[in-house]
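Okay, so here's the structure we're looking at.
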Amino acid sequence: MTEISLDDLNLSPDPMSESVADEALDVIAVPETDAPLFIGSEIYRGSSYGRMHPLRVPRVSTVMDLTRSMGWLPLSQYRASPRAKPAALHSWHSPDYIAALQAAEVAQEVSEEVKARFNIGTISNPVFPEIFRRPATAAGGSILAGELLRDGGVVYNPAGGTHHGMPDRANGFCYLNDPVLAMLSLRHHGAQRIAYVDIDAHHADGVEHGFAGDPDVLMISTHEENLWPKTGQLADDAGGSALNLPVPRGFNDSEMAYIREELILPAVADFASDAVVLQCGADAVTEDPLAHLDLSNNAHWSVVAALRSLAPRYLVLGGGGYNPWSVGRLWTGVWATLNGHEIPDRLPPAAEEVLRGLEFKGHRLGRNPPEHWFTTLRDDPRPGPVRDQIRESVAMLRRRRGLG
Ligand SMILES: [Zn+2]
């Protein structure tokens with residue numbers, strides 16, 4: 001792909017009302033710290049894609065509330081996400097498309113022509129009140145992450161992970177592609193070789209589009225076979241840059257552990273990258289309403305922990321996840337894992353209150369949530385047999401990377 005300059009990062013502070021505490025961050029010199037950094041924003045609170053859309057549920061705000069209620073998010077580790085300006089988004093997205101998103105936000109509607117050309121105003125990618133500001137804030141956070149990681153470290157941007165976004169159109173609930181922008185920002189700040197690992201239930205088609213054929217990028221994606229967008233077949237290697245591992249329905253913790261140990265870790269270690277980016281979508285757990293996989297959140301946390309030592313820079317992003325309890329619990333546990341916080345068997349009252357305050361309107365899972373969705377973060381493990389299909393796919397991909 002062409003060399004892209006992010007000389008001017010074109011980030012503006014999020015004018016949405018952050019808390020007073022967050023504003024204070026701008027004026028108080030925060031001591032440099034090696035502790036992981038959490039990038040968040042108030043823009044996600046109360047933002048919805050619409051009454052019937054899977055992204056009507058709160059996600060990042062739950063993680064912010066839960067981590068704070070646990071005492072896990074001191075000001076020194078929090079950064080308010082800036083909103084990316086159009087010029088920064090132009091490093092990958094077409095100016096016409098960005099202008100269309102901004103216009104759609106103002107008008108709150110699009111013409112048939114705009115709908116057809118940019119795939120916005122559809123059922124999947126609706127016009128909603130923050131159609132530009134929300135994705136531009138998630139993207140701004142991911143671009144900022146590349147800067148924060150200049151000298152190494154760990155950054156978590158749970159609003160990121162919009163891996164379906166395309167240069168000139170919306171795709172799969174994703175208007176922008178913040179993982180691609182994060183990787184360009186990492187490169188701009190000195191990390192040339194990047195390993196991108198994606199354990200969302202869906203294939204990372206947008207990221208693959210961005211870096212296919214790039215010798216300094218290794219993309220590994222596990223995803224449910226035959227699920228939308230149905231790309232990322234086992235044989236698809238994206239010009240040598242990708243390992244795609246479609247997994248069957250019912251994919252369990254033991255199978256993810258097998259893939260982690262036999263494929264993900266050896267391939268990433270062998271690649272010897274300057275940075276690792278993990279897209280940690282929360283839609284591969286049993287409770288997710290869109291996919292048909294059977295992981296517990298332990299599977300995700302084990303991947304989060306295992307990748308940490310494989311590169312000097314580590315960026316963890318969110319992604320899919322459409323059950324408000326499973327997303328909030330999983331992504332809060334990601335932050336605990338990055339910080340080495342022990343996850344208690346039973347949550348303290350303030351954290352339980354956050355989970356009891358969630359609603360999942362219009363879905364049967366919201367009618368009678370089981371008690372442990374309120375009182376715990378950790379699911380019971382969901383082990384199972386490692387099926388031959390998984391073993392054979394892993395063996396094939398190992399051979400392709402020369403891993404024996
Ligand atoms: Zn997904």
Item to check | Under the Karplus curve 6.51 cos²θ - 1.76 cosθ + 1.60, θ = phi - 60°, whole-Hz ³J(HN,Hα) for the range 268-281, x wherever Gly or Pro sits | outcome: 5, 4, 5, 6, 6, 8, 7, 8, 10, 10, 10, 8, 10, x
Checklist outcome for this item: Dividing the helical contributions, -39500 (n - 2.57) per DSSP H run of n ≥ 4, by the residues of the chain yields a 222 nm value, nearest 500 deg cm²/dmol, of -10000 deg cm²/dmol
Checklist outcome for this item: Among Gln233, Gly140, Phe118, the residue whose Cα sits farthest towards the positive end of the charge dipole of the chain (+1 at Cβ of Lys and Arg, -1 at Cβ of Asp and Glu, taken about the Cα centre) is Gln233
Checklist entry - Loop-only check: which GluC sites (Glu not before Pro) in the range 99-184 are DSSP coil with at most 12 other Cβ within 10 angstrom? => result Glu109
Next on the checklist: Given the options Val394, Leu186, His164, identify the residue whose Cα lies farthest towards the positive end of the charge dipole of the range 11-400 (+1 on Cβ of Lys, Arg; -1 on Cβ of Asp, Glu).
Outcome noted: His164
Checklist outcome for this item: Measuring from its Cα centre, the chain shows a charge dipole (+1 at each Lys and Arg Cβ, -1 at each Asp and Glu Cβ) which, in debye to the nearest 20, is 560
Checklist entry - With labels modelled as points extended 7 Å from the Cα through the Cβ direction, what inter-label distance (nm, one decimal) is found for Glu371 paired with Glu359? => result 2.5
Checklist entry - Relative to the Cα centre, what is the charge dipole magnitude of the range 40-171, using +1 at the beta carbon of each Lys and Arg, -1 at the beta carbon of each Asp and Glu, and rounding to the nearest 20 debye? => result 300
Next on the checklist: Within the chain, which is the longest segment that contains none of the trypsin sites (Lys or Arg not before Pro) sitting in a DSSP loop with at most 12 other Cβ atoms within 10 Å?
Outcome noted: 52-248
Checklist entry - For the range 168-246 and the range 366-383, what is the separation of their C-alpha centers, rounded to whole Å? => result 31
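Values in this text are rule-based calculations from the coordinates and carry no lab data. All of these numbers come straight from a predicted model, not from anything done at the bench. Cβ: placed from backbone, ideal geometry, glycine included. Neighbour counts: every protein chain shown.
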